[in-house]
Protein chains: 2
Amino acid sequence: MVNISILQEGRALEVRAQGRRVRFHAIWLRDNAWDSETRAAGNGQKLIKLSDIPIDTVIAAACCEGKVLKLTFAPENKAVRYDVDWLLAHAYDHDRVQQKGWIDSRVEPWDRAGMPSPPVGSFAEVCASPQALHDWLADLARFGVAKLEQGPVADQALMQVVDLFGYVRETNYGRYFEVRSEVNPTSLAFTRQGLQAHTDNPYRDPVPTVQVLYCLENSVDGGDSLIVDGFRAAARLRDEAPGAFDLLSRYCARFEYRGAQGVILQARRPMIELQPDGSLIAVRFNNRSAAAFTDVPYADMEAYYAAYRRFGEIIDDPAMAVRFRLNPGECFVVDNTRVMHARTEFSGQGMRHFQGCYADRDSLLSRLATLRETLGE
Amino acid sequence: MVNISILQEGRALEVRAQGRRVRFHAIWLRDNAWDSETRAAGNGQKLIKLSDIPIDTVIAAACCEGKVLKLTFAPENKAVRYDVDWLLAHAYDHDRVQQKGWIDSRVEPWDRAGMPSPPVGSFAEVCASPQALHDWLADLARFGVAKLEQGPVADQALMQVVDLFGYVRETNYGRYFEVRSEVNPTSLAFTRQGLQAHTDNPYRDPVPTVQVLYCLENSVDGGDSLIVDGFRAAARLRDEAPGAFDLLSRYCARFEYRGAQGVILQARRPMIELQPDGSLIAVRFNNRSAAAFTDVPYADMEAYYAAYRRFGEIIDDPAMAVRFRLNPGECFVVDNTRVMHARTEFSGQGMRHFQGCYADRDSLLSRLATLRETLGE
């Protein structure tokens with residue numbers, strides 16, 4: 001049963017259905033009409049501009065037949081039909097979470113106790129089965145990380161991984177790059193040193209939102225992989241030291257990379273990035289490429305450094321890190337706006353050879369959404 | 001003449017030089033040391049973590065010889081030398097602009113009166129001369145748009161344009177895409193309709209930050225190009241209606257694209273994006289891909305729509321638009337986080353055939369910075 005009432009002389013409509021009571025404004029309803037004059041049939045693109053809708057638009061008449069709401073808008077005298085379920089799914093008349101740093105409910109933060117090992121897929125299965133690919137991408141979207149096992153030990157096999165969900169983000173490092181110890185390294189990544197957990201390329205804007213690291217050889221002593229959930233770390237910081245969280249989200253840090261081939265990449269962005277409504281959307285943390293912070297006022301700089309230190313301590317806390325060893329033919333994919341990765345120092349006679357590349361999350365989420373629709377979830 | 005004083009029992013240092021008086025904290029100075037144990041000699045990457053620096057770090061001794069500042073830090077008993085000019089250039093002890101929506105001083109907003117036509121470079125010259133390339137990229141960075149003329153009328157010539165400054169951002173539209181009227185268009189871009197000024201792909205996150213549109217044929221009636229500076233439009237909105245500016249920057253809009261090939265791209269981002277310190281960094285405006293806004297509370301939705309309408313009116317104001325006709329072998333490049341583009345409707349017997357592609361601004365700014373250093377500016 002759906003009940004409706006026109007409010008405020010037609011400027012709004014109240015819909016009562018499924019135990020809910022939600023209001024919609026006439027202008028919102030008119031703008032979100034799905035008739036063929038308002039939206040293109042094939043791709044759903046809007047055919048009109050907001051200025052094509054009269055400023056004094058009101059609902060002149062309303063009736064409901066089953067799940068179909070029929071509205072007539074004045075002064076256009078335009079009749080439009082709405083699916084009540086669609087309206088309820090897009091209702092905006094409700095209270096909102098207000099805690100700074102809130103996390104999208106589709107995302108699940110983790111630490112080592114909550115996720116002792118990363119989600120895993122089989123290379124062959126995700127390539128062959130849409131359901132397996134869906135499940136693996138769903139894990140990757142939810143946890144910000146996922147492994148693939150039993151893949152080919154072959155040059156550029158990581159490109160096949162990217163093909164599963166998107167497109168390579170080419171950079172000055174190439175379409176992909178070799179990660180192995182070099183004699184004259186342009187980056188500490190290409191040494192045998194351990195690396196603190198970090199997000200990649202915070203000196204880039206926009207940062208690459210996805211990274212793939214694919215193992216071709218790993219016969220050294222050490223050289224294990226570690227991952228840390230930056231969203232979990234930020235949430236811990238917020239809970240343990242709200243003032244510190246506030247400082248790292250309120251002020252921009254600076255990041256810089258000067259490469260061997262005349263590359264000067266610089267970015268000015270906060271370590272903890274929130275949407276204007278306070279939702280946590282990105283973490284940037286990379287001790288190697290941190291530049292001089294100059295956007296923090298003198299009065300707050302000591303507290304900012306204390307907050308940065310505290311955030312680093314949380315990130316370095318072994319309770320936060322999930323550790324695993326990548327063997328040849330295995331890779332992991334991370335959401336580089338969220339999950340930090342690290343490696344332990346290595347030594348010995350063996351070789352450690354990874355290939356890495358960047359990609360973007362929008363196509364990954366698109367692939368997941370289309371698989372979900374196709375598989376009828 | 002440089003004078004220094006140790007403050008707060010070594011927790012800070014005051015530097016007086018060139019008529020300025022700026023303070024630096026001991027922890028900031030220690031973190032920004034440039035000695036070979038702190039930073040890698042070749043690439044400047046930091047070799048230490050913040051946790052490697054003692055929490056009780058203070059300046060135990062300080063002296064200045066000419067432009068070289070020598071500090072000794074306790075408890076490490078570590079001596080570090082600083083270039084006073086570098087310190088002054090990175091000073092953070094000063095008042096900051098506080099007006100919401102402030103714009104980086106390296107960026108110059110424009111309207112039609114201020115910039116009757118876009119900056120132009122010669123295809124051959126920017127390809128041949130580092131100085132010409134520098135000047136063209138500097139214009140592009142400053143105005144968010146630049147044209148190239150007298151280029152080849154050849155398939156994929158736009159790739160040569162991207163090669164000048166960066167890397168293609170491949171998407172579901174391919175490495176590049178054809179813009180011409182089609183029988184079954186997957187986008188209104190591929191019709192003969194006029195298009196309101198817009199930024200591309202706001203349903204993508206991150207959005208492509210650079211777009212190239214290259215003309216191969218334009219013999220139709222109409223089909224002119226228009227560009228509008230979104231930063232100028234946002235600044236006008238802020239000055240004329242601060243409450244409207246606030247609403248569009250405070251709440252997230254939603255954008256969506258469902259393509260023909262099973263693509264479902266969705267983003268939740270504000271139309272006017274500010275850094276946490278209020279600096280304007282991006283505009284998203286695209287009537288065709290605007291989805292139902294659900295992140296604005298009921299109490300603010302009517303005002304939000306009024307703000308959106310006002311922003312659209314400013315964007316549609318002919319005084320804001322720079323109009324030009326792209327001829328075969330000509331292209332324009334826009335900063336897609338800032339400058340909107342549009343086209344007028346076209347008709348007639350002729351053909352209009354553009355090729356478009358996306359790229360990113362970080363590599364463009366990197367190329368500009370390295371050219372600036374090489375050319376000794």
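The values are calculated or read from the model by the stated rules, or taken from the named source; none is laboratory data. None of these values were measured; they are calculated from a predicted model. Note that we place each Cβ from the backbone using ideal geometry, even for glycine, and neighbour counts take in every protein chain shown. Protein only, heavy atoms only, side chains kept; ligands, DNA and RNA dropped before computing areas. Shrake-Rupley method; radii C 1.70, N 1.55, O 1.52, S 1.80 Å.
Working from Cα pairs under 8 Å separated by at least six residues, relative contact order for segment B:3-89 is 23 percent. When chain A is treated as a GNM with alpha-carbon contacts under 10 Å, the residue of A:ARG23, A:ARG238, A:ARG169 showing the greatest mean-square fluctuation is A:ARG23.
Counting, for every residue in A:243-256, the Cβ atoms of other protein chains within 10 Å of its Cβ and taking the mean gives 1. Remark: accessible area buried at the B-A interface is about 7700 Å², both chains counted, probe radius 1.4 Å.
Convex hull of alpha carbon positions in segment A:3-89: directionally averaged projected area 5.5 nm².
The fraction of accessible area contributed by carbon and sulfur in chain B is 49 percent, rounded to a whole number (1.4 Å probe; ligands and nucleic acids excluded).
Reported to two decimal places, what Rg/Rh ratio describes segment B:232-277 when computed on Cα atoms with Rh from the Kirkwood expression?
Expressed as Rg/Rh, it is 1.16.
Heavy-atom accessible area, probed at 1.4 angstrom with all protein chains present, ranks A:SER366, B:SER181 as B:SER181, A:SER366, highest first. Rolled with a 1.4 Å probe across the full set of protein chains, the surface gives A:ILE281 an accessible area near 40 Å².
Send over the Kirkwood Rh of segment A:130-205, from the inverse of the averaged 1/r over different Cα pairs, rounded to one decimal Å.
15.1 Å
Here the protein assembly as shown is treated with +1 on each Lys and Arg Cβ and -1 on each Asp and Glu Cβ, and its dipole about the Cα centre works out to around 660 debye. Across peptide A:41-53, the average count of Cβ atoms from other chains found within 10 Å of a residue's Cβ is 6.
Counting Cα-Cα pairs of segment A:1-160 in 5 Å increments starting at 0 gives whole-percent bin shares of 2, 7, 12, 13, 10, 9, 9, 9, 9, 8, 6, 3, 1, 0.
Along segment A:298-309 the Karplus relation, 6.51 cos²θ - 1.76 cosθ + 1.60 evaluated at θ = phi - 60°, assigns HN-Hα couplings of 3, 4, 10, 5, 5, 5, 5, 5, 5, 5, 4, 5 Hz to successive residues, with x for each Gly and Pro. Shielding of peptide A:187-199 by partners, expressed as the average count of other chain Cβ atoms within 10 Å per residue Cβ, is 1. Amide H contacts for A:ALA60 (H built 1.01 Å from N in the peptide plane; partners 5 or more residues away or on another chain; cut-off under 5 Å): A:THR72, A:PHE73, A:ALA74.
Look at the Cα gyration tensor of chain B: its axes a ≥ b ≥ c give a/c of at least 1.5 with a/b over b/c, and that counts as prolate. Taken along its principal axes, the alpha carbon cloud of segment B:259-377 reaches lengths of 55, 50, 39 Å, longest axis first.
Of the candidates A:GLY151, A:GLY121, A:GLY174, which one comes out as most mobile in a Gaussian network treatment of chain A with C-alpha springs shorter than 10 Å? For chain A, modelled as a Gaussian network with Cα springs under 10 Å, the answer is A:GLY174. Roughly speaking, what is the centre-to-centre gap between segment A:295-349 and segment B:84-149 when only Cα atoms are used, to the nearest Å? Computed from Cα coordinates, the inter-centre distance equals 35 Å. Here the Gaussian network model covers chain B, with springs between Cα atoms less than 10 Å apart; of B:GLU330, B:GLU256, B:GLU65, B:GLU65 fluctuates the most. Rounded to whole numbers, the Karplus 3J(HN,Hα) couplings from phi for segment A:81-92 are 10, 10, 7, 4, 5, 4, 4, 5, 5, 10, 4, 10 Hz, using 6.51 cos²θ - 1.76 cosθ + 1.60 with θ = phi - 60°, and x at Gly and Pro. Accessible area per residue for segment B:29-126 is 52 Å², calculated with a 1.4 Å probe on protein heavy atoms, without ligands, DNA or RNA.
Residues of segment A:95-109 that lose at least 50 Å² of accessible area (1.4 Å probe, protein heavy atoms only) when the other protein chains are present, relative to their chain alone, are A:ARG96.
Please compute, over every Cα-Cα pair in segment B:59-128, the percentage with a separation greater than 17 angstrom.
Value for segment B:59-128 (Cα pairs over 17 Å): 72 percent.
Over all pairs of different C-alpha atoms in the protein assembly as shown, the reciprocal of the mean inverse distance, the Kirkwood hydrodynamic radius, equals 27.9 Å. Near the amide H of A:MET351, within less than 5 Å, lie the amide hydrogens of A:SER219, A:VAL220, all on another chain or at least 5 residues away, with H placed in the peptide plane.
With only the Cα atoms considered, segment A:210-260 has a convex hull volume of 164 Å³ per residue. From most to least packed by mean Cβ count within 10 Å, the peptides A:282-292, B:214-224 give A:282-292, B:214-224.
If you bin every alpha carbon distance in segment A:138-261 into 10 Å steps from zero, what whole percent lands in each bin? Once binned at 10 Å, the Cα pair distances of segment A:138-261 give 9, 33, 38, 17, 3.
Dipole check for chain A: with +1 at the C-beta of Lys and Arg, -1 at the C-beta of Asp and Glu, and the Cα centre as origin, the magnitude is about 440 Debye. Per-residue ellipticity at 222 nm computed for chain B from its helices equals -7000 deg cm²/dmol, with DSSP H segments shorter than 4 residues left out and the rest contributing -39,500 (n - 2.57).
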